[in-house]
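Beneath this line is the structure, given in structure tokens, with notes to follow.
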Amino acid sequence: MGGKNSAKRKGKKSGKPQQGQARSGSSAGNDFRGAGFAGSQVLGHGTMTANTYVQQYAPVPTALDALPQPPVGFTGREEDLTYILDVLDPDRSDQGPAVAVLSGGGGVGKTTLAYAAGHAAQRSGWFTGVLLVDLHGYDPQPAQAEEALEALLRSLGVPHEHLPPPGAGREALYRSQLNARQEKGQRLLVVADNASAIAQVQPLMPPGHHGMLVTSRYRLTGLGRMRTVNRLQPEDAVALLEAALKNNDPNDPRVGQDPEAAERLVSACGYLPLALQITAALLAQDPGQPLSERADALGGTESVLDGLDDGDRSLRTMFDQSLERLAPQEQDLFRLLALNPGPDISTPAAAVLADQPQPATERLLARLAASHLIERTPTVRGRWQMHDLLRAYAQEQAAAVMDRGRAPRRRYDQARDRLIHHYIQHAEAANTHLDPTGSPVSARFTDREQALEWFDAERENLMATAHTTPHAALDLSFALGSYLRWRRRLQDHLVVRALALDACTKLNDTRNRATVWNNLGGALQELRRFDDALHA
């Protein structure tokens, strides 16, 4: 189940269609010049009104079978398909519009899922035809609604000479055409692929009992029932990889020969269908390459994104397209989030990174989440996480900004320092509620339970921060000791104590050296490594 194959076209001018030429692949090959067309139109001051009715007296060519088949290896989308088909079912209990909006990050397989759902709905006899239009929402020049309406009208068989000029008349004619088909007992499915804004889609909404599927990398609210398309489950990702390999060579044995390497490989691809399709193409070009070698290459020193480019499709280019659609403030925050050393970040910590008020930061984070460049953590409200491949991309973007000169690098260094200071300050404050022999109890946390809750949420970030600088390692070793013992995180306890000893050596800190050695001995003793503890 692959992503958009056109992702490599970064910077390529898609341009507007020539007169009489549709942008949709569904009708570009039809010639309407010889078609007969007649009808009655209600006009008001040069504008077709919404109750326009067009009657066709002669047959005209149409393109209502434009839906491509899903690629080989489509799998793992049973729940998504069930949800979409429930929306499109003409016998559904609710009377809302039969419109499903599929959103998800680039390369997650939204288009393929829409194709599969459309074919399943047709097999059920729910639709007599499908209209397909690509809105090119993340190209340098996205399609405008007027261009999409022209493509759809051409697919419906309207000759170019009968197309109204751009404006309300074109949308009215589109609705009239669909209403006329409904009167004849026809039900059409409109697939609007690759949208980036509601304004692209709203004029294309079909009237009556017709259905619609919309795909977008952005959560387009207010159009219909929404469904987020997520990454594949590991077993489904392996199945996709094997099917794609066998599509090139039915005798390709590599997945069956080394299932462990296959699991590592799909994990390195982030379980993204596009990344898996690219990887399968690269493996097909080198039939002798073991899966373990490919997995090692993706996890090696070069950027993982370098290894997810087959010459025609590129995951980095797809991420570029998504980033370029953001406002400058959103782009900046996305890059800054790469400075967080841990796996997720809280809204207050993100505000420290951005050096701006928390409400403003929260609005920016919500927009990044709506664009599927970050995700809300599923268990704790107010925390955000980033997919590993997007994290690698964000780190590339941050490094590129820092390479532009001394001022940008200083700004990013200051942001990182603010975040480290934030984690240390809060850890020291939380520790006062756990260590009765330490400093007076801090008012930053109301009680021990709140302090423990904060420690639990930030533990991985704090452990990662302890690896950033010697000063951070030393301060966090003292601040985390009581908590890690309390939660019996004994291996983490040993790690921070060892990092503190290393920090004393690097800082030539003789004042804290004895205490640090003693703390390390205590951590070793908790792990029952008694000889090492006595030595410490």
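Values in this text are rule-based calculations from the coordinates and carry no lab data. As the structure is a computational prediction, the values presented were derived from the model and not from experiment. Here Cβ is always computed from backbone atoms with ideal geometry, including for glycine, and neighbour counts include all displayed protein chains.
Each 20 Å bin from 0 upward holds the following percent of the Cα-Cα pairs of the chain: 19, 42, 28, 9, 2.
Residue by residue, region 446-462 carries 3J(HN,Hα) couplings of 6, 7, 4, 4, 5, 5, 5, 4, 5, 4, 4, 5, 9, 4, 5, 5, 5 Hz when phi is fed to the Karplus relation 6.51 cos²θ - 1.76 cosθ + 1.60 (θ = phi - 60°); x denotes Gly or Pro.
Close amide H contacts of residue 130 (hydrogens built in the peptide plane, cut-off under 5 Å, sequence separation of 5 or more or a different chain): 65, 66, 189. Taken one residue at a time, the phi angles of region 475-488 give Karplus couplings (6.51, -1.76, 1.60, θ = phi - 60°) of 5, 6, 4, 6, 6, 9, x, 5, 5, 5, 5, 4, 8, 6 Hz. Gly and Pro are set to x.
For residue 383, nonlocal amide neighbours, meaning residues 5 or more places apart or on other chains whose placed amide H falls under 5 Å from its own, are 377. Backbone phi angles across region 108-118, fed through the Karplus curve with coefficients 6.51, -1.76 and 1.60 (θ = phi - 60°), yield HN-Hα couplings of 7, x, 5, 4, 4, 4, 4, 4, 4, 5, x Hz in residue order; Gly and Pro are listed as x. Rounded to the nearest 10 degrees, the inclination of helix 406-431 to the longest alpha-carbon principal axis of the chain is 60 degrees.
With angles folded into 0 to 90 degrees, how steeply does helix 168-183 sit against the dominant principal axis of the chain? Use alpha carbons for both and round to 10. Helix 168-183 sits roughly 70 degrees off the main axis of the chain.
Using just the helices of the chain, give the 222 nm mean residue ellipticity in deg cm²/dmol: DSSP H runs with n ≥ 4 each add -39,500 (n - 2.57), and the total is spread over all residues, rounded to 500. Could you put the intermediate results ahead of the total?
Values: 21 runs with 261 residues, N = 536.
Roughly -15500 deg cm²/dmol at 222 nm, from the helical runs in the chain.
Counting only DSSP beta bridges whose two residues both lie in the chain, roughly 25 percent are antiparallel. Each other residue within a Cβ distance under 14 Å of residue 450 adds +1 if Lys or Arg and -1 if Asp or Glu, for a net charge of -3. For region 234-316, averaging the sequence separation of C-alpha pairs within contact (under 8 Å, six or more residues apart) and dividing by the residue count gives a relative contact order of 32 percent.
Computed with the Debye formula from one identical point scatterer per Cα of region 421-536, without solvent, the log10 of I(q)/I(0) at q = 0.10 Å⁻¹ comes to -0.27. Net length available on complete extension from residue 509 to residue 425 is 28.2 nm, with 0.36 nm assigned per residue and the Cα-Cα distance removed.
The stretch between residue 530 and residue 86, if pulled fully straight at 0.36 nm per residue, gains 153.6 nm over its current Cα-Cα span.
Relative to the dominant Cα principal axis of the chain, helix 328-337 is inclined by about 40°.
Taking the three principal axes of the alpha carbon atoms in region 440-504, the coordinate ranges are 34, 22, 19 Å, sorted in descending order.
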